[in-house]
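Asks: A single structure is presented below for examination.
The values are calculated or read from the model by the stated rules, or taken from the named source; none is laboratory data. These numbers were taken from a predicted model, which means no experiment stands behind them. Note that we place each Cβ from the backbone using ideal geometry, even for glycine, and neighbour counts take in every protein chain shown. Only protein heavy atoms, including side chains, enter the accessible area calculation; ligands, DNA and RNA are left aside. Shrake-Rupley method; radii C 1.70, N 1.55, O 1.52, S 1.80 Å.
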Amino acid sequence: MTQTIPAPFPALRLRRTRSTGWSRAMHRETILTPADLIWPLFVTDGQGVEEPITSLPGVSRWSVDGIVARAKEAVALGIPCLALFPNTQPERRSEGAEEALNPDNLMCRAIRAIKDACGEDIGLLTDVALDPYTSHGQDGLIDEAGYVLNDATVEMLVGQSLNQAAAGADIIAPSDMMDGRIGLIRAALEADGHHNAQIMSYAAKYASAFYGPFRDAVGSRGLLKGNKKTYQMDPANAEEALREVAVDLAEGADSVMVKPGLPYLDIARRVKEQFGVPVYAYQVSGEYAMIEAAVAVGAGDRDALVLETLLAFKRAGCSGVLTYHAAHAARLLGA
Ligand code: PBG
């Protein structure tokens, strides 16, 4: 962008354009709308069930009927897409995560119910990774030493993707960070006739301390031994994130995600500048919890904190944000 040589003060007073509300509105460079939001929702078994999640105050798991109600709410609010995560009953979890391939698993039932109720009024982004289904809480299959096996896991992820696409998922979102999975999932989707099933790759996903409440929500925190550092990225690395993105795009990802959100805004910006593709950020559970904790002690105003943080993603170059505050933000934006 060309920078003009600034006039010297007082010819130039940058405060002039900020002096009134109408002028601030006129000079605003970035706009946040409900269409920028993707709403993550947690599905649980049963009927008429709402289970509040203690570490995510204000967020609940819902049984499929409740999820359908949330989907209708999202449509009314102008939210274009939901991200679904299942809380699989412990007895359906296993070492080999076979439940991920069950065409009647919680995820598939939720997908079908929402599609029946809302049709094309809302998009469904579905998480591909094995952690909601493994008895050990890792995102993949493990060997005797507990190491997460890449190629065997990818085989499962391909099956999981086809299972979700067959149920009606619109965007397959692999969050597992295995190598080579995007290309193999894309090829399988094409071979199965799912030409318009998109892939949003969690391309730059970090081994972060901000995922704790999410693991409570899907029920994997207590099960997980160790950490996910042999597959999720080192928070110290940025160049490596660009390589991850390049690889996933080359393998056929339609869009890419950076995760977590605010602490990694530099990564989102660099991905956008370097590749010019649709970039999404995930304002993750720990970030949501931080905002709510600040509100609880009177350290900040919820509405203002939510809108400012979400706007920051847009300013950084993101096409949209996954946020647990999506419905609240959409209500504020629509008011
Ligand atoms: C698991 C997955 C995680 C999140 C989304 N998918 C947790 C993890 O990697 O351990 C985190 C989302 C959040 O914290 O809100 N594949």
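Asks: Criterion first (away from the ligand (no atom under 13 Å from the Cβ), over 23 Å from residue 83 (Cα atoms), in a helix (DSSP H, G or I) and not aromatic (Phe, Trp, Tyr)) does residue 190 satisfy it?
Replies: no
Asks: With the condition kept exactly as written, say whether any residue in region 114-137 is in contact (Cβ under 8 Å) with a residue 12 or more places away in the chain, over 22 Å from residue 200 (Cβ atoms) and part of a strand (DSSP E or B).
Replies: The answer is yes, given that some residue of region 114-137 is in contact (Cβ under 8 Å) with a residue 12 or more places away in the chain, over 22 Å from residue 200 (Cβ atoms) and part of a strand (DSSP E or B).
Asks: While we're here: Got a sec? Which strands (runs of 3 or more DSSP E) wholly within region 1-103 have at least 2 residues that are open to solvent by less than 70 Å² (accessible area, probe 1.4 Å) and in contact (Cβ under 8 Å) with a residue 24 or more places away in the chain?
Replies: 37-44, 81-86
Asks: If a residue must be open to solvent by 50 Å² or more (accessible area, probe 1.4 Å) and either under 10 Å from residue 131 (Cβ atoms) or in a loop (DSSP other than H, G, I, E, B) (or both), how many such residues does region 205-225 contain?
Replies: Of the residues in that region, 4 qualify.
Asks: Count, please, the residues in region 163-187 that happen to be assigned to a helix (DSSP H, G or I), crowded, with 20+ Cβ neighbours inside 10 Å and of a type outside the set (A, V, I, L, M, F, W, C).
Replies: Of the residues in that region, 4 qualify.
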